[in-house]
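Chemist: There's a structure below that I have some questions on.
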Amino acid sequence: MSDALKKFNATDLAALLPRLDLPLAPKIAIKTCTSVPDALVALEAGGFLLEAARMIAHALPKREAVWWACMCAVHTAPPDLPEPDRVAREAAELWVRQQTDASRRVAMDRAQASEFGTPEAWSAVAAFWSGDSMAPEGQAPVPPAPHLTGTAVSGAVALASVRGDVSRRKARLERFLESGRNVAAGGPGRLAPEDS
């Protein structure tokens with residue numbers, strides 16, 4: 001079971017659930033599940049696609065979760081994506097490749113410049129929240145809460161799913177979940193830009 005989705009191996013489903021704050025119906029759907037992959041199957045079967053996406057956002061390791069958020073953002077980005085948003089996503093992708101404090105802080109600067117309204121901005125926030133401290137450089141460390149990366153990734157994925165044309169939400173979430181499982185299996189999770 002878990003070899004196929006090896007990036008979820010270290011994730012304890014019981015410890016993850018409080019972070020998700022699931023409504024009653026999805027909670028019931030996964031009541032007998034003992035692993036993240038099992039819970040994902042149950043959520044998808046029940047039609048709880050957004051909740052399944054939130055589970056992936058919190059279950060993936062931080063680096064992979066940020067990458068997945070970027071891939072979802074790329075998929076629904078319009079051809080005329082504003083420059084600040086493109087730069088924010090590129091900063092998040094750079095952090096995935098070079099996990100330095102400097103790249104993480106640049107990602108947050110780019111998220112602020114894009115005004116926190118897009119999947120790209122929240123991908124960059126997720127990168128920033130994946131580090132050791134949220135305090136300004138040179139000040140005493142203020143570690144981000146462990147769930148913040150997943151929360152930002154969840155936001156990025158949810159925004160990407162409704163960008164432009166809300167009627168595409170379900171199909172997009174299905175593609176996002178496939179991408180997330182690919183990332184969990186050690187793949188790149190790449191999603192081509194959506195056809196207009």
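The values are calculated or read from the model by the stated rules, or taken from the named source; none is laboratory data. Keep in mind that what you see is a predicted model, and the values were worked out from it rather than measured. Glycine gets a Cβ as well: all are built from the backbone with ideal geometry, and neighbour counts include every protein chain shown. The protein model used for the area step is the full one, side chains on, heavy atoms only, and it has no ligands, DNA or RNA in it. Shrake-Rupley method; radii C 1.70, N 1.55, O 1.52, S 1.80 Å.
Chemist: Within region 2-31, can you find the residues that are on the phi < 0 side of the Ramachandran plot and in a loop (DSSP other than H, G, I, E, B)?
Modeler: Residues of region 2-31 that are on the phi < 0 side of the Ramachandran plot, as a first pass: 2-20, 22-31.
Matches in region 2-31: SER2, ASP3, ALA4, LEU5, ASN9, ALA10, THR11, ASP12, LEU22, PRO23, ILE30, LYS31.
Chemist: Report yes if some residue within region 61-68 is within 15 Å of GLY155 (Cα to Cα), in contact with a helix residue (DSSP H, G or I) (Cβ under 8 Å, 6 or more places away or on another chain) and open to solvent by 20 Å² or more (accessible area, probe 1.4 Å); otherwise report no.
Modeler: Step one: list which residues in region 61-68 are within 15 Å of GLY155 (Cα to Cα), which gives 62, 65-68.
From what's left, in contact with a helix residue (DSSP H, G or I) (Cβ under 8 Å, 6 or more places away or on another chain): 62, 65-68.
Okay, now just the ones that are also open to solvent by 20 Å² or more (accessible area, probe 1.4 Å), so 62, 67.
Yes, region 61-68 contains at least one residue that is within 15 Å of GLY155 (Cα to Cα), in contact with a helix residue (DSSP H, G or I) (Cβ under 8 Å, 6 or more places away or on another chain) and open to solvent by 20 Å² or more (accessible area, probe 1.4 Å).
Chemist: Within region 12-54, can you find the residues that are among the charged types (D, E, K, R), closer than 25 Å to LEU159 by Cβ and open to solvent by 50 Å² or more (accessible area, probe 1.4 Å)? Don't jump to the end; show me each part of the working.
Modeler: Residues of region 12-54 among the charged types (D, E, K, R): 12, 19, 21, 27, 31, 38, 44, 51, 54.
Next, from what is left, pick out any that are closer than 25 Å to LEU159 by Cβ: 19, 21, 27, 44, 51, 54.
Scanning region 12-54 gives ARG19, ASP21, LYS27, GLU44, ARG54.
Chemist: Sticking with this structure for a sec: Looking only at region 91-108, how many residues end up being among the acidic types (Asp, Glu) and either in contact with a helix residue (DSSP H, G or I) (Cβ under 8 Å, 6 or more places away or on another chain) or touching a residue at least 60 places away in the same chain (Cβ under 8 Å) (or both)?
Modeler: If we filter region 91-108 for residues that are among the acidic types (Asp, Glu), which is where we start, we get 93, 101.
Now narrow it down to the ones that are either in contact with a helix residue (DSSP H, G or I) (Cβ under 8 Å, 6 or more places away or on another chain) or touching a residue at least 60 places away in the same chain (Cβ under 8 Å) (or both): 93.
Number of matching residues: 1.
Chemist: Taking helices (runs of 4 or more DSSP H) that fall entirely within region 32-102, which contain at least 2 residues that are of a type in the set (Val, Ile, Thr)? Explain how you work it out, then say what you get.
Modeler: Working: elements: 36-45, 49-59, 62-76, 83-97.
Filter on region 32-102 gives 36-45, 62-76, 83-97.
Chemist: Okay, next question. When you look at SER179, is it open to solvent by 50 Å² or more (accessible area, probe 1.4 Å) and at pLDDT 95 or above, yes or no?
Modeler: Numbers: open to solvent by 50 Å² or more (accessible area, probe 1.4 Å): no; at pLDDT 95 or above: yes.
No: the conditions fail for SER179.
Chemist: Has region 132-142 got at least one residue that is open to solvent by less than 70 Å² (accessible area, probe 1.4 Å) and of a type in the set (Ser, Thr, Tyr)?
Modeler: Yes, region 132-142 contains at least one residue that is open to solvent by less than 70 Å² (accessible area, probe 1.4 Å) and of a type in the set (Ser, Thr, Tyr).
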